[in-house]
Amino acid sequence: MDQTDQTDQTDQTDRTDRTDQVDQTDQVDRTDQAAQDGKDSGVVGDPPYTDAALARLAMAQEACELARLARAAVPIGEHELRPDGTVRSPGAVLAGAADVLRAAYRFFEAAAVCERTGGASWQLVGDVLGVEAQTAQARFAAAESSFAEQLRSPADPGEGENPGGPGWWRAYTAGNPLEAALDLDDWVLRHEDGDRYGDRYGDGYGDKYGDRYGDGDLGTAPVSGGLARLSDGPARRDRRHHG
């Protein structure tokens with residue numbers, strides 16, 4: 001190869017290197033611009049929460065649904081009862097209680113999954129519930145596997161579920177954790193009454209559960225503020241109120 005050919009080859013290599021550098025710079029610029037566009041629009045991709053944080057969020061969502069159903073059973077509707085105090089729609093009260101019971105089971109399972117995702121052994125789960133480790137595993141293994149599958153491939157909330165149903169909410173929480181956490185922030189703050197866990201009635205629930213879950217100062221982000229991330233990269237959206 002003569003000197004001219006060597007020079008041409010060197011020039012071509014330099015041009016290729018410069019082109020690659022420009023392409024990489026353009027790609028970074030486009031990525032930064034996309035991130036900025038997301039910020040300007042008020043919606044940014046969900047941050048990479050840890051699996052343990054997502055499990056705790058899923059438990060919070062189930063607890064919220066349980067609370068909604070239980071609260072609905074407290075007031076007596078204007079046309080719920082007949083003059084003699086009996087219900088106008090026989091079976092409706094029992095059906096509502098069955099919904100609460102199912103929600104309580106889902107919350108129960110989500111709590112076990114939360115413990116397991118946080119590193120608890122089956123032995124610990126069994127000890128808390130007063131059963132053998134094998135019994136605890138048989139009871140909650142399916143729920144644990146279902147949660148792991150949701151982490152791998154979050155389902156579309158619109159697929160096969162009525163909006164607002166339990167399955168819809170689970171899919172929504174798994175696929176949009178930040179949105180779900182902000183919704184729960186709003187729900188908690190709307191229902192804050194300053195006398196948490198039964199202190200109103202002097203039954204000791206405040207002392208028992210207040211110590212377990214924290215004091216009465218909820219702050220402005222009682223759910224989203226406690227979620228641990230894999231990194232500290234910025235990812236927020238403007239808060240919106242739902243339902």
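The values are calculated or read from the model by the stated rules, or taken from the named source; none is laboratory data. Predicted model, so just to flag it, every value in this text is computed and none were measured. Here Cβ is always computed from backbone atoms with ideal geometry, including for glycine, and neighbour counts include all displayed protein chains. Areas reflect the complete protein model, heavy atoms only, side chains present, ligands, DNA and RNA absent. Shrake-Rupley method; radii C 1.70, N 1.55, O 1.52, S 1.80 Å.
Remark: accessible surface ordering of Leu182, Leu227 (largest first) is Leu227, Leu182, probe radius 1.4 Å. Dipole magnitude for region 61-117: about 40 debye, using +1 per Lys or Arg Cβ and -1 per Asp or Glu Cβ, origin at the Cα centre.
Close amide H partners of Tyr49, meaning residues 5 or more places away or on another chain with modelled amide H under 5 Å apart, are Leu230.
Between Ser89 and Arg68, the FRET efficiency estimated from the beta carbon spacing at R0 = 35 angstrom works out to 0.95. Taken along the Cα-to-beta-carbon direction at a fixed 7 Å, the label points for Ala97 and His79 span 2.5 nm.
What FRET efficiency would be calculated for the residue pair Thr220, Asp51, taking the C-beta separation as r and a Förster radius of 30 Å, to the nearest 0.05? So the FRET efficiency works out to roughly 0.70. Annotation: extensible slack from Gln134 through Ala120 equals 3.6 nm (criterion: 0.36 nm per residue apart, minus Cα-Cα distance).
List the chymotrypsin sites (Phe, Trp or Tyr not before Pro) within region 110-159 that fall in a DSSP loop (any state other than H, G, I, E or B) and whose Cβ has at most 10 other Cβ atoms within 10 Å. Qualifying residues, ordered by number: none. Once the other residues with Cβ under 14 Å from the Cβ of Arg88 are scored (Lys, Arg +1; Asp, Glu -1), what is the net sum? For residues surrounding Arg88, the net value is -2. Accessible area per residue was computed with a 1.4 Å probe on protein heavy atoms; Val74 scores about 110 Å². Of the listed residues Thr86, Thr220, Thr50, the order by accessible area with a 1.4 Å probe, largest first, is Thr220, Thr86, Thr50. Note on region 47-191: with charges restricted to the Cβ of Lys and Arg (+1) and Asp and Glu (-1), its dipole about the Cα centre is near 260 debye.
Add +1 for every Lys or Arg and -1 for every Asp or Glu among the other residues with Cβ under 12 Å from the Cβ of Leu151, and state the total.
-1
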